[in-house]
Every structure is written in structure tokens, then in C-alpha cells.
Amino acid sequence: MKLDGIHHVTAITGDAPRNVDYYTRVLGLRLTAKTVNQDDPSVYHLFYGDELARPGADLTFFEYPTAKPGRAGAGMVHRIVWRVGSERALNFWADRLTARGAEIQRTAGSLRFADFEGLGHELVVDASGDEALIADHPEIPAELALQGFEGVRAYSAAPQATTALLEQLMGAERREDEAFELRGDKRGGWIALDELPAERGRQSAGTVHHVAWYTTDAEQGEWLARLNAAGVPNSGIIDRHYFHSLYFREPGGVLFELATEEPGFTVDGPVAELGRRIILPPWLESRRERVEALLTPLPDPRADWPHVASAGSER
């Protein structure tokens, strides 16, 4: 069994309207789903990604309105690393982000910045050969757009134990740069472990909640059996309607999920409708009126867009 890199990364925001504006208008991702946290339906769960809502580019957020700023620490992912196509793309993003008041750190092949709540991001020139996962945007040419996840950087409270789990249980391979790569037939991604900061972490706005690794329905039961055989406490397989999830916390504290490709967000409608309305799993549909009353209205961020050629339809 092999994991196909990162399926999605889930973070926390205290301001859903501003979050939508930043990740769609500024970073050029597509709002692929407006739904709710299935474990707490009073709050949004927002999904951003490529034009076809495919695993490998899904950045998601739980909204907890007015949440205080958080801080990454032991047992947390502290930076999300994205792929772009070239140094020219890095120049484009440096100019675009600086013009919007962002502080950036630029090196050869890399650009670091944070969103409005302090969530760390890095753009790197892609050398993977994986398919580029691109969203349409009227201001961002496809060749300069974000192309999906490269990896994540985390703080482990027990790096040796984390390393053992990644290599021996999850099948990760240690690269020359010390990152641990999980690569399958579709694509790959990695996690790198950095030295712990002096301050304790606080999970709140601007921090990552968990990272999900990409598997299939056919193999998820085998992953569950492997976790149980190794004595790793876990959630069991949970039906999220749009995919199936299996959660466990690695020894260093980072919450991992194994999430499936199937059935995907088009189970509720065609690709063209993604992100336009609030979608709910069947078991929450009878509560729609009560659920929507608790949520801040979020208009379709593409409602007033000029027509753009679909990058998704060309792939």
C-alpha cells in the first residue's frame, strides 16, 4: 500500500468572509465546497482547491468566529508548501503579495509568506512531475497559478518516534533534504520535521488542525488493520459523505487523517456548481434551515467574474 501524498490540509479561521476573499481572490484557489464541520454543524467547513476539486490541492478551514490568533508549536504543522511552475511564477507571486501588503521571504526556488491570520505558506518550483492542479482565475494565468501541495513542515514533540511511524508504518521514504515522502501511483507529497520553537503552541485562528494523506476506499480498510495491529489509537473509518476518513495522532502530536478520493464533491452536483451553495451530508439535510441560520452568508466569489477559459477543462 502506498499513500499518494497529501489529500488535504485543514486549518482554522476566525473570519470566514475574509478567508474566502483571501484564498479565492488573492491566492486564486477555487471555493469548491461551502459546508459545515460535521462534528460541530454550527460552524463552516470551507474547501478551496483546483478547478475540479481533486485531492492534492484541497486547503480547508473550520471557522470559529472571532477566534483569537493561534501559534504553531509541538504537535502541529506550521507551514503549508505549495507547488508553482517556475521562477517566473515566484516573481509573479512576490509582486502580487507585496502589492497587497504581505511580508515575504524570497530565496532561489522559494517564497515564504503568511495569510492575514498568520498561517504560514511557502511556494516552491515544482520538480515532481505530478499533474498540476490549477484553478481558473481572471487575474492569474494558468502557468503562474498554484499547482497543488508539495508538502508540510511540522513540529514534532517526539521526532524519533514520528520518524519510526512515518517510515515503518506509513511507508515514507526519507529524502536527501530529510523530508519524509509519501508517494503512490497518482502523486506524492512530504512532511518535514523542524526544531521545536521556544513557545508552546495554541491551536486557534491561523493554525493547522490536521493533515490528511491520500488513499482509496479499496485500501483504507487495510490501513485501519495496520494501525490496529501496531496499537495506534484511531477513530475507525468515518463516512464524511464526500470522502471516508480515518484519524490518528502520530507520536509527536500531529493529527493525521487518511482520506479517500471517492466519492468526491460532485456527488452533490456537477463541477460547475461547486462552491455556489451550502452543501450538507444527508444526515444534516433535515436540519438545513437551523444550520444555515447560524452561519454568516457567504456569496459565490465568482458571481461577478468575467468569463475565463477553464484550466480544468483542458486537463
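A few points about this structure:
- For residue 167 and residue 40, the FRET efficiency from 1/(1 + (r/R0)^6), where r spans their Cβ atoms and R0 equals 35 Å, is about 0.50.
- Aspartates and glutamates whose Cα lies under 15 Å from that of residue 68, excluding same-chain neighbours fewer than 8 positions away: 15, 115, 117
- For the chain, the alpha-carbon radius of gyration amounts to 0.95 times the rule-of-thumb value 2.2 N^0.38 Å expected for a compact globular protein.
- Residue 156 long-range amide H proximity, modeled H, under 5 Å: 75, 194
- Diffusion coefficient, µm² s⁻¹, Stokes-Einstein with Kirkwood Rh over alpha-carbon pairs of the stretch 151-206 at 37 °C and 0.692 mPa s: 263 µm²/s
- Sequence-distant contacts, meaning Cα pairs under 8 Å at least 6 residues apart, place the relative contact order of the chain at 26 percent.
- Simple label model, 7 Å out from Cα along Cβ direction - residue 25 to residue 178, nm: 4.0 nm
- If the segment from residue 249 to residue 95 were pulled out straight at 0.36 nm per residue, it would be longer than the present Cα-Cα gap by 51.6 nm.
- Only lysines eight or more places from residue 2 in sequence, or on another chain, were considered; those with a Cα closer than 17 Å are 186.
- Under 5 Å, built H, 5+ apart or other chain: amide partners of residue 205: 68, 70
- Here the stretch 6-314 is assigned +1 on the Cβ of each Lys and Arg and -1 on the Cβ of each Asp and Glu. Its dipole about the Cα centre then comes out at about 780 debye.
- The modelled label-to-label distance between residue 112 and residue 303, using points 7 Å beyond Cα along the C-beta direction, is 3.9 nm.
- Extension gain for residue 131-residue 283 works out to 51.2 nm (0.36 nm per residue, less the C-alpha to C-alpha distance).
- DSSP bridge orientation in the stretch 6-314 - percent antiparallel, rounded to nearest 5: 65 percent
- Alpha-carbon centroid distance for the pair the stretch 170-224 / the stretch 98-127, whole angstrom: 20 Å
- Each of 288, 276, 83 has some number of other Cβ atoms within 10 Å of its Cβ, and from fewest to most they run 288, 276, 83.
- Debye log10 I(q)/I(0) at q = 0.12, 0.22 Å⁻¹ for the stretch 1-150, Cα point scatterers: -0.49, -1.64
A short reminder: the numbers here are calculations on the coordinates, not readings from a lab. In this text, all values refer to a predicted model and were calculated from it rather than measured experimentally. Here the Cβ is made from the backbone with ideal geometry for all residues, glycine too, and neighbour counts use every protein chain on show.
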